[in-house]
Amino acid sequence: MSTQMNSRVEGNVLVLEREFDAPKTLLFQAFSEEEHLKKWWGPRGWILTVCDIDFRVNGVWHYCMKCMDENQGDFFGFESWGKGVYQEILQGEKIVYIDYFSDAEGNEAEGMPATQSTLLFEEIEGKTKLTNRAEYASEEALKSVLDMGMEQGINETWDRLEEHLDSIKK
């Protein structure tokens, strides 16, 4: 990959940054349109089998990631459901949503940490710096998702995003 994800922890906030070789309008679309999300969301070996998005303030994005990679052992065939509820949308600039673990009906999973994610899109000389500020209720909640391998999962997901952007820019 041409760029690396930078990450740092600030108390109960995980800050992730990466530069993409794409205009911010395209990167913003990749996060806000179902046809894009279905092609890149999730770590390697996982696909979105469900991707229902209502991209507006108070709208819901309900999705299911399924592991299709037999080499991932016990995770093969596993489904992970999620639900995002959009809090703020500034077209082309910013998306704020609360991300929950959920079930197939969209009910929030009890005992699992929710994340308030703020995505910022900043164009710099034709490329776009993406910053994701992921805020958790506590440092312990952040530690629990880091222990689940979330950082590696996001890194692989953003690698897939970069590959998707490269395939449609041509």
Notebook entry, point to check: Name the strands (runs of 3 or more DSSP E) wholly within region 1-62 that hold at least 3 residues that are open to solvent by 70 Å² or more (accessible area, probe 1.4 Å) and out of contact with any His (no Cβ under 6 Å at 6 or more places or on another chain)?
Noted result: 6-10
Next item on the list: Within region 106-130, track down each residue that is in contact (Cβ under 8 Å) with a residue 60 or more places away in the chain and either part of a loop (DSSP other than H, G, I, E, B) or open to solvent by 40 Å² or more (accessible area, probe 1.4 Å) (or both).
Entry: Glu122, Glu123, Ile124, Gly126, Lys127, Lys129
Notebook entry, point to check: List pairs: first in region 43-54 and at positive phi and free of Cβ contacts under 8 Å to residues at least 40 places away in the same chain, second open to solvent by 30 Å² or more (accessible area, probe 1.4 Å) and not acidic (Asp, Glu), Cβ under 9 Å, 6+ apart or cross-chain?
Noted result: Gly45/Met68; Gly45/Asn71; Gly45/Gln72; Gly45/Phe75; Gly45/Phe76
Check: Is it fair to say Gly92 is in a loop (DSSP other than H, G, I, E, B), over 19 Å from Glu19 (Cα atoms), of a type outside the set (A, V, I, L, M) and touching a Lys or Arg at 6+ places or on another chain (Cβ under 9 Å)?
Finding: no
Next item on the list: Those residues that are open to solvent by 20 Å² or more (accessible area, probe 1.4 Å) and either within 18 Å of Tyr100 (Cβ to Cβ) or touching a Cys at 6+ places or on another chain (Cβ under 6 Å) (or both), I need them from region 154-168; list them, please.
Entry: Ile154
Notebook entry, point to check: What is the one condition in (1) open to solvent by 70 Å² or more (accessible area, probe 1.4 Å); (2) in contact with a His (Cβ under 9 Å, 6 or more places away or on another chain) that Trp81 does not satisfy?
Noted result: (1)
Item checked: Filtered residue count, region 130-148, keeping only those that are within 20 Å of Leu119 (Cα to Cα) and under 17 Å from the mean Cα position of the chain (by Cα) -> 10
Next item on the list: Go through Asp103, Asp74, Asp69 for me and flag whichever is open to solvent by 30 Å² or more (accessible area, probe 1.4 Å), modelled with pLDDT of 95 or more and of a type outside the set (Lys, Arg).
Entry: Asp103
Notebook entry, point to check: Identify, please: which residue in region 132-145 is open to solvent by 20 Å² or more (accessible area, probe 1.4 Å) and in a strand (DSSP E or B) and is, among those, farthest from Asn12 (Cα to Cα)?
Noted result: Arg133
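The values are calculated or read from the model by the stated rules, or taken from the named source; none is laboratory data. Keep in mind that what you see is a predicted model, and the values were worked out from it rather than measured. Heads up, the Cβs are rebuilt from the backbone with ideal geometry, glycines too, and the neighbour counts pull from every protein chain shown. What goes into the accessible areas is simple: the full protein's heavy atoms, side chains included, and nothing from ligands, DNA or RNA. Shrake-Rupley method; radii C 1.70, N 1.55, O 1.52, S 1.80 Å.
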